[in-house]
Amino acid sequence: MSGEIKFKIGNERLVKVTQPAAVKLTSLLTRQGRPQGALRIAVIGGGCSGLQYKMDLVDGPANRDILVESSEVRVVVDPKSALFVSGSLLDYSDDLQKGGFKVTNPNAVAHCSCGESFAA
C-alpha cells in the first residue's frame, strides 16, 4: 500500500449541483485556500425525521468515497451516505430564513420543515 486513496467516480445521478450552489461552493473553497477542494455530504442519524445531512469542506475524497463532479465543483460522499443521497440535488439559497446549502432528495419519505433532516 502506497497510501494511495482509492475512491470511485460517481455522476450526477448520485448528486447534482445547481449553479448557485456551485458558485457559492467555489467561493468558499477559494476563500479557504483550497480551490481544488470538495464538499463532503454525509448522512447521519438524528434530526426530527431520523436522518440529517452533514456538510463539510474537505481537501478531496477519502478512502472509499464517491467523487462527483457537477457544475465544475467536486462533491464527495461516503458509500453508506450514497445510498441515501442518490438522486439528490444540492442547491444554495441566500434566503435569510432558510438560506445556505440545501439537499433536495426525491427518495425521502418524510421531511422536516427545516430541510436538514429526512426519513428514507
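Please treat every number below as a calculation from the coordinates, not as lab data. Keep in mind that this is a model prediction, so the values were computed, not measured. Positions of Cβ are backbone-derived with ideal geometry, glycine not excepted, and every protein chain shown enters the neighbour counts.
For this structure, a couple of remarks:
- Most simply put, the chain has about 75% antiparallel DSSP beta bridges, counting only bridges with both residues inside it.
- Computed Kirkwood radius, in angstrom, where 1/r is averaged over Cα pairs of region 8-119: 14.0
- Phi-based couplings in Hz for region 59-76 (Karplus 6.51, -1.76, 1.60; Gly and Pro marked x): 6, x, x, 9, 3, 6, 5, 10, 9, 10, 9, 9, 6, 6, 10, 10, 10, 10
- Applying both filters, DSSP loop and at most 13 other Cβ atoms within 10 Å, to the trypsin sites (Lys or Arg not before Pro) of region 1-54 gives 6, 13.
- Sequence-distant lysines (8 or more away, or on other chains) whose Cα lies within less than 17 Å of residue 16: 8, 24, 54, 102
- Distance between the modelled labels on residue 12 and residue 107, one decimal in nanometres: 1.9 nm (7 Å Cα→Cβ projection).
- Each of the GluC sites (Glu not before Pro) that DSSP puts in a loop and that has at most 13 other Cβ atoms within 10 Å breaks the chain; the longest unbroken stretch is 5-71.
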